[in-house]
Amino acid sequence: PRRDVGFTSFHDFLDKVPVHAANKRTVESLIKAGAFDSMGNTRRALLEIHEDAVEAAVDIKRKEATGAVGFDFDSLYDEAEEALPAKVPERPEWTKKDKLAFEREMLGLYVSDHPLAGLEIPLAKHASIGIHDLLASEDIDDGAQVTVAGLVTSVQHRVAKASGNPYGMITVEDFNGEVTVMFMGKTYTEFQSMLQADAILVVRGRVSRRDDGLNLHAQSAFQPDLGAVEASGPLVLVLNEQRAGERVIGELAQTLRRHPGDTEVVLKLHRAGTAKVFEVPHPVTVTADLYGELKGLLGPGCLG
């Protein structure tokens with residue numbers, strides 16, 4: 001039986017594929033999407049030589065098809081070796097930002113990594129809800145206030161036809177979803193300079209539900225300080241004493257026990273301008289999931 005052994009190198013791919021598949025645009029897309037990553041060359045290096053390599057490979061295939069090459073296999077091999085670049089150059093890979101941008105451009109998703117990788121915990125601390133949960137929820141009413149945090153993947157600056165007023169429309173993406181955010185009126189004027197592709201933003205806004213889906217009307221935005229080293233102190237939870245009933249405290253204990261670790265937990269109970277501080281005997285491992293569960297139980301402002 002026939003065995004498919006795949007391709008051993010970039011040039012081997014160009015040798016074996018049909019001439020109609022060996023076009024520059026297709027090969028460029030495959031390089032940017034990472035199709036040749038297992039062959040030992042960087043995407044940047046392959047993109048640098050792909051046009052010359054494709055032209056040489058197509059030229060050989062056309063000569064073979066018309067019989068212009070003849071049947072001297074030694075000379076055919078020599079011509080092929082001469083036509084194709086002998087060696088893919090040594091080049092460093094693109095930056096993570098560029099590499100992922102090309103993947104998204106070609107495939108519509110990230111494959112090798114995610115631009116927010118490593119930022120799960122600080123982003124979860126700022127957001128009141130994940131974007132996927134926001135879009136999937138049927139309990140969040142039109143006009144409800146939420147805070148999302150993520151990467152700005154598209155920006156449009158427009159002018160309203162009726163009023164002539166400028167406004168902005170951006171797409172914010174976190175690890176599991178994306179949402180359109182509108183900046184209008186004074187909000188647009190105040191935060192316009194922040195609306196840049198690849199910026200990481202925390203946006204507070206009101207939910208707008210329409211027939212074409214859900215978006216947010218921004219009220220404020222800021223760029224979080226993600227470079228700061230997180231303090232190694234305790235996890236501080238803030239709660240109004242009126243909400244600290246037996247059920248809530250019991251569910252809090254269960255939540256903390258599901259995330260055992262070494263980080264101490266402190267609970268601040270607020271009442272009439274004063275606060276009582278309690279040590280909670282359930283040390284945890286701080287994760288984005290834990291932040292999400294705590295906010296769902298105690299409210300979006302529970303992280304001190």
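For the stretch 22-33, the criterion of being assigned to a loop (DSSP other than H, G, I, E, B) and closer than 24 Å to G108 by Cα is satisfied by at least one residue. Anything in the stretch 151-165 that is small (G, A, S) and more than 16 Å from Q192 (Cα to Cα)? List them, or say none. Listed by number, the residues that qualify are A162, S163, G164. The residue pairs whose first member lies in the stretch 242-260 and is closer than 17 Å to Y291 by Cα and in the same structural domain as V280 (by TED's automatic domain parsing), whose second member is surrounded by 10 or more Cβ atoms within 10 Å (Cβ to Cβ) and among the acidic types (D, E), and whose beta carbons are closer than 7 Å, counting only pairs six or more residues apart or on different chains, are T255/E293. L239 fulfils the conditions (1) surrounded by 15 or more Cβ atoms within 10 Å (Cβ to Cβ); (2) of a type in the set (A, V, I, L, M, F, W, C); (3) over 22 Å from L297 (Cβ atoms) except for a single criterion, (3).
Filter the stretch 185-206 down to residues that are modelled with pLDDT of 95 or more, touching a Gly at 6+ places or on another chain (Cβ under 8 Å) and aliphatic (A, V, I, L, M) and give me whichever is surrounded by the fewest Cβ atoms within 10 Å (Cβ to Cβ). Result: L195.
Take the residues in the stretch 1-36 that are within 16 Å of R91 (Cβ to Cβ) and touching a residue at least 40 places away in the same chain (Cβ under 8 Å), then tell me which one is surrounded by the fewest Cβ atoms within 10 Å (Cβ to Cβ). Only one residue tops the list, namely G34. Residue check: is L216 crowded, with 17+ Cβ neighbours inside 10 Å and over 30 Å from K99 (Cα atoms)? Against the criterion (crowded, with 17+ Cβ neighbours inside 10 Å and over 30 Å from K99 (Cα atoms)), L216 does not qualify.
Determine whether the stretch 283-301 contains at least one residue that is under 28 Å from I170 (Cα atoms), modelled with pLDDT under 85 and part of a loop (DSSP other than H, G, I, E, B). Yes; the residues of the stretch 283-301 include at least one that is under 28 Å from I170 (Cα atoms), modelled with pLDDT under 85 and part of a loop (DSSP other than H, G, I, E, B). Residues satisfying the criterion are present in the stretch 267-276 (criterion: on the phi > 0 side of the Ramachandran plot and in contact with a helix residue (DSSP H, G or I) (Cβ under 9 Å, 6 or more places away or on another chain)). Of the residues making up the stretch 133-152, those that are farther than 20 Å from L123 by Cβ and of a type in the set (D, E, K, R) are E138, D139, D141, D142. Exactly one residue out of A53, A22, A45 is farther than 24 Å from S112 by Cα, modelled with pLDDT of 90 or more and among the aliphatic types (A, V, I, L, M), and it is A53.
L216 passes every criterion in (1) modelled with pLDDT under 95; (2) within 21 Å of G130 (Cα to Cα); (3) assigned to a strand (DSSP E or B); (4) not hydroxyl-bearing (S, T, Y) apart from (1).
Got at least one residue in the stretch 265-272 being in contact (Cβ under 8 Å) with a residue 40 or more places away in the chain, within 18 Å of A124 (Cα to Cα) and surrounded by 14 or more Cβ atoms within 10 Å (Cβ to Cβ)? Quick ask: steps written out before the conclusion?
Step one: filter the stretch 265-272 for residues in contact (Cβ under 8 Å) with a residue 40 or more places away in the chain, giving none.
No, that holds for no residue.
Sub-9 Å Cβ pairs linking a first residue in the stretch 98-121 that is free of Cβ contacts under 8 Å to residues at least 12 places away in the same chain to a second residue that is assigned to a helix (DSSP H, G or I) and buried (at least 18 other Cβ atoms within 10 Å of the Cβ), at least 6 apart or interchain, are L109/E103; Y110/L100; Y110/E103, ordered by first then second residue.
Taken as a whole, the stretch 244-257 holds no residue that is touching a Lys or Arg at 6+ places or on another chain (Cβ under 9 Å) and more than 30 Å from T180 (Cα to Cα).
The values are calculated or read from the model by the stated rules, or taken from the named source; none is laboratory data. The model shown is predicted, which means the values in this text are computed figures rather than measured ones. Cβ coordinates were reconstructed from backbone atoms using ideal geometry, including for glycine residues, and neighbour counts include every protein chain displayed.
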